[in-house]
Amino acid sequence: SVVVIVVDIRNPLLHIPIALYEYIVHDMKLPLVLVLNKVDLVSQEFIDEWYGYLSEKFPTTKIVGYTSKAKSTLGKGGVAHRRKLITSHLTKADRQATLVNSRKVLDVCISVWKERYTVDSVQRAKGYPTIGFVGHPNVGKSSVLNSIIGSKVVSVSRTCGHTKHWQTHFVREETGAGIEETEEGSGDKIIAELCDSPGLVFPFIWDKSQEDGFVARHVYELCGLYPIPQIRETFSAIRILAEYVEVERLYNLKQDTESYGEEWSPYGIIGTLADKKGYTLSKGGGPDLHRAGLEIIRDVVDGYVLLVWNPPATDQKVKENRTLSHED
């Protein structure tokens with residue numbers, strides 16, 4: 001009845017395949033809801049900019065934000081401070097915020113279902129909508145679904161591609177608890193049927209005449225769409241990261257000109273971090289560059305290092321000023 005695309009607020013356009021949007025809205029003619037997940041990682045101004053841009057680009061789509069935190073985790077400090085903020089245990093206020101935000105997502109889905117279909121239509125015959133959750137790996141589809149249901153019925157993991165199967169659950173009106181099998185025999189009224197799907201990244205054809213539209217695999221790595229243990233080379237991803245974020249400052253790295261040169265480079269950043277952390281190879285005792293590089297990429301995926309993309313109209317200005325740091 002309704003399709004929900006869950007996207008990571010840090011790079012929304014990457015997670016909204018245009019072909020999928022066209023298929024849902026124009027071919028299937030289904031109502032579409034965009035859930036901007038992990039909004040606690042960024043500022044309210046950043047959220048408002050993306051909301052305005054997406055509302056203009058996808059005018060028939062409902063957009064709603066979601067987070068499991070009561071307060072923004074954006075603040076001054078380096079990686080260690082941000083890690084502490086994000087990994088802190090959920091407070092009572094956080095649990096209340098999760099409840100409110102998940103209910104908002106569900107209410108929007110039910111609202112668009114009622115607006116789209118008349119009372120006597122086939123879609124309204126069973127009395128509740130079937131809501132399908134789709135999206136890239138690691139954007140938080142299962143986490144959003146669990147919060148709506150009210151209990152952990154879908155396994156979640158920081159590893160992309162953790163969800164392997166199509167899963168269906170029901171939401172009851174009174175308790176919000178999930179029903180594992182069917183709705184028959186339950187005590188409360190069913191208000192929605194939720195479908196969780198595995199996150200998939202489909203291949204694309206790169207037209208050399210449209211190089212500006214090309215998305216490098218290394219951007220996928222930084223956005224959590226590629227399994228981190230399978231990354232064989234980290235320098236390219238760190239190079240992209242360093243164009244936007246002052247990595248050396250966030251990790252409080254001291255430049256070693258004798259070992260890594262006078263200018264910061266991906267090699268210098270990774271090598272200096274390896275030396276600082278004591279990451280060495282078993283043979284020869286040299287710095288373990290691959291381990292240090294993977295740690296930086298993992299920190300980006302988890303949000304400890306904040307890498308975001310502004311809406312296209314302002315992206316180039318931000319890149320020139322290198323303002324995408326934690327202090328901002």
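The values are calculated or read from the model by the stated rules, or taken from the named source; none is laboratory data. Not measured: the values here are computed from a predicted model. Methodologically, a virtual Cβ is constructed for each residue, glycine included, from the backbone with ideal geometry; neighbour enumeration extends over all protein chains shown. Protein only, heavy atoms only, side chains kept; ligands, DNA and RNA dropped before computing areas. Shrake-Rupley method; radii C 1.70, N 1.55, O 1.52, S 1.80 Å.
Tell me, yes or no, whether the stretch 266-273 has at least one residue that is surrounded by fewer than 16 Cβ atoms within 10 Å (Cβ to Cβ), within 31 Å of the chain's Cα centre (by Cα) and under 20 Å from residue 307 (Cα atoms). Among the residues of the stretch 266-273, not one is surrounded by fewer than 16 Cβ atoms within 10 Å (Cβ to Cβ), within 31 Å of the chain's Cα centre (by Cα) and under 20 Å from residue 307 (Cα atoms), which makes the answer no.
The test for being outside any loop (DSSP other than H, G, I, E, B) and crowded, with 19+ Cβ neighbours inside 10 Å holds for residue 105. When the stretch 38-71 is limited to residues that are in a helix (DSSP H, G or I) and of a type in the set (Val, Ile, Thr), the one that is surrounded by the most Cβ atoms within 10 Å (Cβ to Cβ) turns out to be 39. Residue 236 meets all of the listed conditions (1) at pLDDT 90 or above; (2) open to solvent by 30 Å² or more (accessible area, probe 1.4 Å); (3) outside any helix (DSSP H, G or I) but one, namely (3).
Return yes when residue 76 is surrounded by fewer than 18 Cβ atoms within 10 Å (Cβ to Cβ), basic (Lys, Arg) and either closer than 24 Å to residue 222 by Cα or over 16 Å from the mean Cα position of the chain (by Cα) (or both) and no when it is not. For residue 76, the condition - surrounded by fewer than 18 Cβ atoms within 10 Å (Cβ to Cβ), basic (Lys, Arg) and either closer than 24 Å to residue 222 by Cα or over 16 Å from the mean Cα position of the chain (by Cα) (or both) - is met.
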